[in-house]
Structures are given as C-alpha cells and as structure tokens.
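Written below as structure tokens is the structure these notes are about.
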Amino acid sequence: MQTRVEIADFENWKAAAGEAARLLAAGEVVAVPTETVYGLAAIAFNTDAVARVFEVKERPSFDPLIVHISGIRDLGRVAVVPEGIQKVVRELGKAFWPGPLTLVLPRHDDVPDLVTSGLPTVAVRVSNHEVMRYLTKELGPIAAPSANRFGRISPTSASAVRKELEGRIPLIIDGGACSDGLESTIVAVEEGEKRPTLRLLRPGPVTREELRKFGRVVKAGPVTGNRPEAPGTLESHYAPGVPVLLFDRPEEFEPEEGRNYALLSYRGDPKDGYLERHEWSRVEVLSPGKGKLAEAAVRFFHSLRVLDTEGVDAIVAEPVSDVGLGSAIMDRLRRAAFRGS
C-alpha cells in the first residue's frame, strides 16, 4: 500500500479533511492531527474499520480506544451519564472541551465491544484541532488512538507517523506539529460521598490542580494484568527501541565501559548535575535555559524519537518537577523506562 501525505495548512485544511472523510466513510483508517498527538482514525461504529486500527498498530485487543465526538451534545451517542454525575460532566465539558481531557464514562450499547475492549465504560473526548472537529461533525464519533505501533513513541508530526506506519495506511493528514505534545489527561468520573470522584487514570495537559476545582481527585491504582481501563496506562508504554534509564539524582548513573549513552535533558543546565556526568553521544534539551514545562511537553516525544535514532546503547533521562504538567512528563518517562521484572 502506498501512503499519501496531504498538507492541511490554513488555506486548504478543509480540502485535506474532506479527503480524509471520504476514505473514512469508505471504511479506511487515516492518520490525522490533533492538538495532543497524531491519531489513527476510524469511524467508531464501523467494527471492521476499528479492527483495522488494531491491526495497523499491532495493538492488543485488551487495550481500549478513545472515541472523539464533535461536542458535549453528542455525548449521549457513546455514553450513558448517570444522574449523579451529570452536573460535573457538564462542568468539565464546559471547562475543558474542546481540549485535551478524556472522560471515562458508562458506555452506550451502540459502541462496539472492540472499541472499549469489552469494558462497561468508554473513553471520550472533544479535540480542539480543526481537522478532527471537522471529521466528527461530518461522520460522527471517531475512534482514534495514537498513530504509532503499539507501545512505541507517540507521534507529534506527520513525518513521525510516516516512519511508523508507511505502507500500512492510505493517507496521513499533515497538520504540522501538535501544539500540546502529550496525550490527553484521562479521568474516570464517579459519584462520591460529598463531591464527585475524579480518578486520574493518566496525567496530561489538564493538570491535577485544575481538576481539583471539580471534584476529589484520586490517583488510580496500577493496572493489574492486561486489563487497562483506558489507553496509555500500561506500565510499559511510550518506549523507544533502546532502554530509557531514569534516575532521581545524577550520581545514581554509573556508565558501563564501552557503552554509548545519550542524554534527554530538561533544561541543559550543568548545575543540574547531568551534563558533566558523562561524555554523552548526543544531548537533547527539552526546554533550554530556565526550563518551562509547557515547552518541554511539546518537545518531549520529538526529542525522545531523535535520540532513538542515534544508535546509542541507552538514553539517560533527567527528571522534571513532578507537579502540574511535569506530572504528565514524568508519567511518560516512567512508562518509557519500565522494563518489567
């Protein structure tokens, strides 16, 4: 299969989105941009197309997909919101949709089992990218996990998608670099004794601090076995082809003789203790200078992908502050570094 790339810039994005819509309506799968990462899209109610998503990504059937809708008015097509949480769901939708927040809610019977991996819940969000918004308005709910092979580094550019899925899909819509650079925050919304409970399944651009205004935020427990409640929550995920080594302090890193190492640095400051710890084969800096978490988030997957192509034996990653958006970055680093026992 030949993979075409259509540019979706400010002048012709509707034409490119229209071509994607034509293929999706015919049962194909297409890579499209969102504000978080690029997604591999299929019409959510077309089980054959959804099965093709799993096939292209080499994704196990136990890992559910996120369903994108055009707005909160379409939520009833994919979810059945209990009366006890309707108010907080409306409030969350008003505050963060369109945007990088995914809500896990009781599923509607019309949603295919394959989309939810047989779970009684469905993960739903409203993208803020014009291409995905166009597709959901024209075609209805769209299932779209990240447009990469399962467990690998998420793509934040069309070129990254092409490296992952060349020859596997007919079309990539190139909408430029993703503005957020990290996957959406995922929250399971549940009734609580005094306030709604928001179980944080995956940190993301919408931070824990922002969510506390709407309910009691609790961190979800670790995934037991191969039964995640939402995408991107397995212990090993977002991983390059070479090992990622994550240390709390630079002195914990002791290089092995004869091995080449690259450094994923937060701000490239020698005072942090990593730059001068070793003679690195390559250094990628997420946010040069003062270190800004928003900039680091945008550059994170791109920088990890660059280092993965350097032919090194391992990538050493500096930690960032584990608060706010830093929690999302640290979540991705821990999953990338997890190698099991």
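Assorted remarks:
- Scanning the stretch 310-341 for residues that are without any contact (Cβ under 8 Å) to a residue 40 or more places away in the chain, under 19 Å from residue 273 (Cβ atoms) and either assigned to a loop (DSSP other than H, G, I, E, B) or of a type in the set (Lys, Arg) (or both) turns up 321, 322.
- Selection within the stretch 278-309 - closer than 18 Å to residue 157 by Cβ and outside any helix (DSSP H, G or I): 284, 286, 309
- Which listed residue is part of a helix (DSSP H, G or I), closer than 30 Å to residue 210 by Cα and small (Gly, Ala, Ser), from 99, 76, 18: 76
- Residue list for the stretch 32-45, filter: small (Gly, Ala, Ser) and either in a loop (DSSP other than H, G, I, E, B) or over 12 Å from residue 142 (Cα atoms) (or both): 44
- The residues of the stretch 46-73 that are of a type in the set (A, V, I, L, M) and in a loop (DSSP other than H, G, I, E, B), listed by number, are 65, 69.
None of the figures in this text is laboratory data; all of them are computed from the coordinates on show. Bear in mind that the values here come from a model prediction, so they are computed numbers and not experimental data. As a convention, Cβ positions derive from the backbone with ideal geometry for all residues, glycine included, and neighbour counts pool all protein chains shown.
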